[in-house]
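*Asks:* There's a structure below that I have some questions on.
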Amino acid sequence: MSIEQVHRTTLCHADGRYLLLYGDHGGDELAPLPVGEHPPLHLRWNALDARWTAISPARNTRPQTAPTADAAAPSCPLCPGGPEVPFAYEAAVFENRFPTLLADPPAAPDLDGDTAPSVGRCEVVLYTPTHTGSLATLEPRELARVIAIWADRSQALWAVDEHRHVLVFENRGEGVGATLAHPHGQIYALGHVPSLVRNRLEALAGHRAAHDTCLTCDVVERDTASERVLLDLPGFVVAVPFAPDWPYEIHVRAKRHGVRRMHDLDAAERRDLAVSLRDVVSRYDRLFDEPMSYMMVCQQAPAAEDGTPAEDWHLAFEFLPPNRAADRTKFRASVETSTGLFINDTIPEMCAAMLAEVITDARAVTFPEISVGAG
Ligand SMILES: [Zn+2]
Ligand SMILES: [Zn+2]
């Protein structure tokens with residue numbers, strides 16, 4: 001199979017934010033936008049819980065328009081011709097106009113507790129120029145291109161010395177507060193390893209010290225052999241995890257030891273990832289006959305002090321939908337928030353059985369091989 005080369009073109013908004021265009025585009029003139037102000041942006045150290053909180057008041061000014069499913073959405077800021085990309089495009093990445101983290105943030109204020117500058121990046125990834133749709137309905141070429149873009153941006157962001165963690169994610173639907181319906185995701189690069197990610201690193205290190213094996217390889221093997229498995233491909237296993245926080249939680253985990261980040265995937269694994277993502281979102285959209293809100297987080301190996309990726313980490317896409325039934329939302333309430341003890345009022349094997357019954361077309365779809373080059 002031939003490899004399709006997608007060209008990346010870099011433009012710059014008048015306020016200094018970059019816009020990366022992947023594939024063909026219909027112009028290169030960017031209209032000036034009101035400059036976003038973020039003077040008090042900083043991190044505060046929560047000493048009792050040993051973690052950072054991002055103070056980001058500029059976010060209160062971001063758009064709060066309700067999601068719309070209309071095919072034509074003249075007010076959508078992400079559609080071609082909108083303020084972010086004022087011409088035709090195939091796929092694009094731009095720096096968030098309302099960022100929590102900045103490449104060159106203001107100095108941290110001098111306060112009566114520890115503070116730090118909000119170093120990092122906040123990017124928005126536009127999957128398609130089409131206003132409606134999802135990872136389950138993108139054209140095969142579009143989904144393959146999105147995966148190539150995630151790999152391209154991840155590699156660039158991991159290469160920045162200050163970045164210790166890069167998080168590709170998607171918030172979809174009103175259930176998780178997504179304000180724009182246009183198919184898109186985001187990428188955050190962080191200057192520190194956040195506390196929950198640190199927990200996982202400690203679990204991997206502890207297991208390695210006690211058993212001299214990779215804990216994630218063990219999890220992959222157990223998920224693949226379990227009744228919770230939904231799809232078993234050479235490159236990825238798709239399963240309801242053993243101990244899910246959310247009733248319909250699904251993890252898509254790389255099988256091969258050594259696939260720690262997006263750009264570690266080979267061509268066959270990228271195709272398997274595309275099949276897996278289409279499969280998961282198709283199940284969510286068909287389970288209750290309407291799109292299910294979810295948080296999707298791509299777990300890439302964080303950087304150790306010397307910048308190298310954590311050894312026993314496997315790349316994973318974890319889907320966290322807040323539904324506990326068709327029309328009922330599970331809230332992350334007092335116990336979950338204060339202790340981290342999630343109370344899941346379903347049996348994971350029963351939810352897996354419900355999800356397994358949903359028929360999807362994902363395995364019948366042929367995804368092209370796409371690589372990104374600077375154009
Ligand atoms: Zn749109
Ligand atoms: Zn492993």
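The values are calculated or read from the model by the stated rules, or taken from the named source; none is laboratory data. These numbers were taken from a predicted model, which means no experiment stands behind them. All Cβ positions, even for glycine, are placed from backbone atoms using ideal geometry, and neighbour counts span all protein chains on display.
*Asks:* Within the bounds of segment 291-298, is there any residue that is more than 22 Å from residue 222 (Cβ to Cβ) and within 16 Å of ligand 1 (Cβ to nearest atom)?
*Replies:* Within segment 291-298, one or more residues are more than 22 Å from residue 222 (Cβ to Cβ) and within 16 Å of ligand 1 (Cβ to nearest atom).
*Asks:* Out of all the residues in segment 240-257, which are within 15 Å of ligand 2 (Cβ to nearest atom) and part of a loop (DSSP other than H, G, I, E, B)?
*Replies:* Scanning segment 240-257 gives 255, 256, 257.
*Asks:* Output the residues belonging to segment 180-197 that are of a type in the set (S, T, N, Q) and either over 14 Å from residue 96 (Cα atoms) or not assigned by TED's automatic domain parsing to the domain that holds residue 120 (or both).
*Replies:* 195
*Asks:* Counting only residues that are assigned to a strand (DSSP E or B) and surrounded by 16 or more Cβ atoms within 10 Å (Cβ to Cβ), how many does segment 324-351 have?
*Replies:* 1
*Asks:* Of all residues being among the hydrophobic types (A, V, I, L, M, F, W, C) and buried (at least 21 other Cβ atoms within 10 Å of the Cβ) in segment 158-179, which is nearest to residue 301 (Cα to Cα)? Just the residue, please.
*Replies:* 166
*Asks:* Residues to consider are 105, 129; find the one that is in the same structural domain as residue 77 (by TED's automatic domain parsing), within 15 Å of residue 40 (Cα to Cα), assigned to a loop (DSSP other than H, G, I, E, B) and touching a residue at least 12 places away in the same chain (Cβ under 8 Å).
*Replies:* Result of the check over 105, 129: 105.
*Asks:* Please work out if residue 200 is assigned by TED's automatic domain parsing to the domain that holds residue 215 and in contact (Cβ under 8 Å) with a residue 12 or more places away in the chain.
*Replies:* Here the answer is yes, as residue 200 does meet what is asked.
*Asks:* Can you list the strands (runs of 3 or more DSSP E) lying wholly within segment 143-239 that have 1 or more residues being within 16 Å of ligand 1 (Cβ to nearest atom) and out of contact with any helix residue (DSSP H, G or I) (no Cβ under 7 Å at 6 or more places or on another chain)?
*Replies:* 165-172, 184-190
*Asks:* Okay, moving on. How many of the residues making up segment 264-323 are assigned to a loop (DSSP other than H, G, I, E, B), touching a residue at least 24 places away in the same chain (Cβ under 8 Å) and within 28 Å of residue 162 (Cβ to Cβ)?
*Replies:* Final tally of qualifying residues: 11.
*Asks:* Okay, next question. Would you mention how many residues in segment 258-279 are in contact with a Ser or Thr (Cβ under 8 Å, 6 or more places away or on another chain) and either away from ligand 2 (no atom under 16 Å from the Cβ) or closer than 21 Å to residue 221 by Cβ (or both)?
*Replies:* Matching residues across segment 258-279 total 4.
*Asks:* Considering only segment 191-198, I want to know if a residue exists there that is buried (at least 19 other Cβ atoms within 10 Å of the Cβ), within 30 Å of residue 290 (Cβ to Cβ) and away from ligand 2 (no atom under 13 Å from the Cβ).
*Replies:* No - not one qualifying residue is present in segment 191-198.
*Asks:* List the pairs whose first member sits in segment 333-356 and is not assigned by TED's automatic domain parsing to the domain that holds residue 228, whose second member is polar (S, T, N, Q) and surrounded by 15 or more Cβ atoms within 10 Å (Cβ to Cβ), and whose Cβ atoms are under 8 Å apart, counting only residues at least 6 apart or on separate chains?
*Replies:* Pairs found: none.
*Asks:* Here are the criteria: (1) out of contact with any His (no Cβ under 9 Å at 6 or more places or on another chain); (2) more than 23 Å from residue 276 (Cβ to Cβ); (3) at pLDDT 95 or above; (4) surrounded by fewer than 15 Cβ atoms within 10 Å (Cβ to Cβ). Tell me which single one residue 75 does not satisfy.
*Replies:* Condition not satisfied by residue 75: (3).
*Asks:* Any residue at all in segment 120-127 that is among the small types (Gly, Ala, Ser) and either closer than 23 Å to residue 320 by Cα or within 16 Å of ligand 2 (Cβ to nearest atom) (or both)?
*Replies:* no
*Asks:* Same structure, new question: Mind listing just one residue for me: the one in segment 18-72 that is part of a loop (DSSP other than H, G, I, E, B), buried (at least 16 other Cβ atoms within 10 Å of the Cβ) and hydrophobic (A, V, I, L, M, F, W, C) and, of those, modelled with the lowest pLDDT?
*Replies:* 30
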